[in-house]
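Structure record follows, encoded as structure tokens.
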Amino acid sequence: MKDLIKQFLPIIGVCLGFILSTLSNIIYGLVINRPKVKMELKTGNFNYLKIMRDNEGFSTIEIADYNEAEFIDIGLLVDIYNYGKSNTAIKDINIVIMSNKRIIRGFSPDLFINGNKNIHYSFNLPSNNVITMDLKLKIDNDLEDEILQEDLFSNEVIYDPDDKNRIQIKIIATDIKGKETTINIEPLSIATAF
């Protein structure tokens with residue numbers, strides 16, 4: 001019986017070593033060797049604007065009060081970086097306007113990377129790399145859209161960061177595996193004038 005065990009001991013050792021090596025690679029691949037994506041706001045602006053026309057027919061865009069505004073202009077410069085050990089790709093970028101943790105509306109902003117417009121909202125994000133996204137969004141004052149009127153273009157709009165009913169901007173970046181990376185932005189922190 002001992003001789004029989006001695007004959008199969010090297011085979012059992014090889015099989016056990018193979019199983020442990022495979023298990024180690026799986027754990028390393030799932031836990032350690034993953035992309036880790038994060039976003040950070042660099043600068044931004046949030047303005048209520050209106051178009052003014054003079055007597056000669058020329059038009060200029062001026063900062064307006066919320067009830068006189070024809071549109072809201074949001075511009076955000078956001079760094080998105082992958083500090084993990086594996087590459088990934090971003091397949092979608094959205095901006096969501098929220099009030100009292102309730103989504104008012106989701107928008108697809110204009111996305112510029114290195115000065116070039118990205119119309120597909122997808123780009124590669126290599127490991128240990130930073131990409132700066134320039135997001136531009138124009139929200140028109142649609143008088144027939146009651147939700148937009150009530151939450152963004154009325155005197156009840158709250159920007160106080162301590163108020164639970166305040167307006168918030170949320171950027172959502174979705175990678176190719178469906179994982180969402182978000183950043184919350186207070187409009188008061190990027191507003192140039194009210």
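What are the equivalent ellipsoid semi-axes of the stretch 1-158, built from the alpha-carbon gyration tensor (square roots of five times its eigenvalues), in whole angstrom, biggest first?
Square roots of five times the eigenvalues give 58, 18, 11 Å.
Rounded to whole Hz and in sequence order, give me ³J(HN,Hα) for the stretch 105-114 from the Karplus expression 6.51 cos²θ - 1.76 cosθ + 1.60, θ = phi - 60°, writing x for Gly and Pro.
6, x, 10, 9, x, 6, 10, 10, 10, 6
Longest span of the chain, sites excluded, free of trypsin sites (Lys or Arg not before Pro) in DSSP loop with at most 10 other C-beta atoms within 10 Å?
1-100
Could you check the simple spin-label distance between ILE5 and ASN129, using points 7 Å along Cα→Cβ, in nm with one decimal?
That separation, rounded to one decimal, is 5.6 nm.
Using DSSP to call loops (not H, G, I, E or B), can you name the GluC sites (Glu not before Pro) in the stretch 91-176 whose Cβ has at most 14 other Cβ atoms within 10 angstrom?
GLU144, GLU156
Counting only residues 5 or more places away or on other chains, whose amide H sits under 5 Å from the amide H of ILE158 once H atoms are built in the peptide plane?
Result for ILE158 returns ILE167.
How far apart, in nm, are the 7 Å Cα→Cβ label points at PHE18 and GLU186?
With each label placed 7 Å out from Cα toward Cβ, I get 6.0 nm.
Summing -39500 (n - 2.57) over the DSSP H runs of n ≥ 4 in the chain and dividing by its residue number, what mean residue ellipticity at 222 nm do you reach, to the nearest 500 deg cm²/dmol?
Computed mean residue ellipticity for the chain: -6000 deg cm²/dmol.
Compute the helix-to-body angle for 2-27: its Cα long axis versus the longest principal axis of the chain, expressed 0 to 90° and rounded to tens.
Relative to the chain, helix 2-27 is tipped by roughly 10 degrees.
Throughout, read-outs are computed from the coordinates displayed, never taken from laboratory work. Fair warning: this is a prediction, and the values are worked out from it, not measured in the lab. Methodologically, a virtual Cβ is constructed for each residue, glycine included, from the backbone with ideal geometry; neighbour enumeration extends over all protein chains shown.
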